[in-house]
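The values are calculated or read from the model by the stated rules, or taken from the named source; none is laboratory data. What you see is a predicted model, and the numbers here were worked out from it, not measured in a lab. Reconstructed Cβ throughout: ideal geometry from the backbone, glycine too, with neighbour counts over all protein chains shown. For accessibility, only protein heavy atoms count, side chains too; no ligands or nucleic acids. Shrake-Rupley method; radii C 1.70, N 1.55, O 1.52, S 1.80 Å.
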Amino acid sequence: MTVPSPRPPTQAEIDKEIAELDGSRPGLAHPPRGYPPYRSSILRHPEQALVVVQDPEAVELTGPVFGVTDVSELDNDLTRRHHGEPLGERITVTGRVLDRAGRPVRGQLVEIWQANASGRYAHARDAHPAPLDPNFTGAGRCLTDGEGRYSFTTIKPGPYPWRNHVNAWRPAHIHFSLFGHAFTQRLVTQMYFPGDPLFDRDPILQSVTDQAARDRLVAAYDHDLSVPEWSLGYRWDIVLDGPAATWIEEGR
Amino acid sequence: MEPTRLQPTPSQTVGPFYGYALPFRGGGDLAAAGDPDAIIVRGTVYDGAGAPVPDALVEVWQAAPDGSLRGAPGSMRRDPVAGEAIGRTGIDFTGFARAATDADGHWHVRTLPPAPHRPGALPHLAVCVFARGLLHHLYTRIHLPEHAAALDAAPQFAALPPERRATLLAAAERPGVYRFDIRLQGGAGEETVFLDFA
């Protein structure tokens, strides 16, 4: 285990640690839970091997269900939650949620949260001295449709500083929380915007050490999704990992 | 024929700022208010230095008291007029709970004792843990003390040393209240056993 130095590391030191680990897990999608360049991971990951459960009838191969009572009409439009319009670049983000066999994940819950256009979260622990926006909270949810599609209207979040190292900045991102057919398919992740110059310097994105896997966290700008005189469109498809009981498909 | 295998979307940490998005009113109250069978399962999430983790999120999925794993919608029921979370109806058992840790790392859920989902199954609460600093969520299981002998006899945990297996067992604090601490990192006898379903 890497012991962090008592003074905060510089960006150059973090860059070097990132470079040493880059490509070290070819083909593996998920980040290692212990990834020293992301300092907060050092004490928050197990050191014992995970115990493999091989039970085709495990409880975890099923999962919670959600329905129309769990979301309200405006929940997928983060720009209409207050009396006024939020500041920033209005965007629509849409895509499909699929399982690894390519089947749509239908009627399941997608939750998002994000910073405002200035890079500030509506959260008391966010001490970044960027302005709060009284017309933007930054949380939304929706159910996937019959083709596994989700859609949100929001504003493009700003990048923001954090204290992993000196001059650490997170690339702009939207947090996503997803449910599949099974509890084993649960996913919490972050969607990034194409071409962000902060990608290479961010230990959270770079914790995914496989370039192809990292690229799957970046949405595509899609001009066909842009609405004339209204919003810019981004497309981001999500593939949930993990096994699921096949029988559950029939009943839902 | 081998089905298509799409490459999965990678996990990323839940970060520190999910607090206004993911927790919801009554999120930990799986049991209806006043249900005489309700139990409380509570604990603290600790890091590898033994410090409580104030920014973790604990989710529970479990069988209904009749053993059903079908679940029910309505865990996050919304008022269709104002859009506010208004809690479960208390009529159907949704099977799903979500509890954020408090400033002292403590979480709790109020639920009904899990039932076997098939004859002979070992009843448990399935748990998924998220936290700032945790890049990929972790699964574990909570077994109640009355199933301690069955847990010891369970084939899938037979290879574990007894002190590791014991981390999957809640302790009775008083009637109806059980303690289950989650240690994200620690020695072999301390760190919670986490599960992989791959």
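On average, how many beta carbons from a partner chain sit within 10 Å of the beta carbon of a residue in B:187-198?
Numbers: counts 2, 2, 0, 1, 3, 2, 5, 7, 7, 8, 16, 8.
So the per-residue partner count for this stretch is 5.
Given axes a ≥ b ≥ c from the Cα gyration tensor, I'd like to know whether chain A is rounded (a/c under 1.5), prolate (a/b larger than b/c) or oblate.
Details: a/c = 1.80, a/b = 1.06, b/c = 1.69.
Judged from the Cα gyration tensor, chain A comes out oblate (a/c at least 1.5, b/c at or above a/b).
Enter the mean number of other protein chain beta carbons within 10 Å of the beta carbon of each residue in A:186-199, as an integer.
3
If you rank A:224, A:237 by how much accessible surface each has, with a 1.4 Å probe, what is the order from largest down? Don't skip to the answer; put the middle values down first.
Details: A:224 140, A:237 75 Å².
Ranked from most to least accessible, the order is A:224, A:237.
Farthest toward the dipole's positive end in the range B:18-183, which of B:159, B:45, B:126, given Cβ charges of +1 (Lys, Arg) and -1 (Asp, Glu) about the Cα centre?
B:159
Considering only protein heavy atoms and a probe of 1.4 Å, how much of the accessible area of chain B is carbon and sulfur, as a whole percent?
Values: 4140 of 7720 Å².
On chain B, the fraction of accessible area on carbon and sulfur atoms equals 54 percent.
For the range A:1-51 and the range B:168-198, what is the separation of their C-alpha centers, rounded to whole Å?
Cα centroid of the range A:1-51 versus Cα centroid of the range B:168-198: 25 Å apart.
Where only protein heavy atoms count, and the probe is 1.4 Å, what is the accessible area per residue for the range B:1-124 in Å²?
Working: 5070 Å² over 124 residues.
Value returned for the range B:1-124: 41 Å² of accessible area per residue.
Of B:89, B:136, A:137, which is farthest on the positive side of the dipole of the protein assembly as shown, counting Cα position, with +1 on Lys and Arg Cβ, -1 on Asp and Glu Cβ, and the Cα centre as origin?
Checked the options; the winner is A:137.
To the nearest whole number, what is the average tally of beta carbon atoms from other chains within 10 Å of the beta carbons of peptide B:84-96?
On the way: counts 1, 2, 1, 0, 1, 1, 0, 0, 0, 0, 4, 6, 7.
Mean shielding by partner chains, rounded to a whole number: 2.
Could you report the buried accessible area between B and A, both sides summed, computed with a 1.4 Å probe and given in Å² to the nearest 100? Working shown, then result.
Numbers: alone 11340 and 14370 Å², together 18580 Å².
For chain B against chain A, roughly 7100 Å² becomes buried.
Please identify the longest segment of chain A free of exposed GluC sites (Glu not before Pro), where exposed means a DSSP state other than H, G, I, E or B and no more than 13 other Cβ atoms within 10 Å. Can you show the working numbers first?
Details: sites that count: A:57, A:89, A:147, A:229, A:250.
Answer - A:148-228.
With label points built 7 Å along Cα→Cβ from the Cα atoms of residue B:81 and residue A:215, find their separation and express it in nm.
In this crude spin-label approximation the distance works out to 5.2 nm.
Once you have a ≥ b ≥ c as the square roots of the Cα gyration tensor eigenvalues for the range B:18-183, tell me rounded if a/c is under 1.5, and otherwise prolate or oblate according to whether a/b is larger than b/c.
Details: a/c = 1.88, a/b = 1.21, b/c = 1.56.
It is oblate, given that a/c is not under 1.5 and a/b is not larger than b/c.
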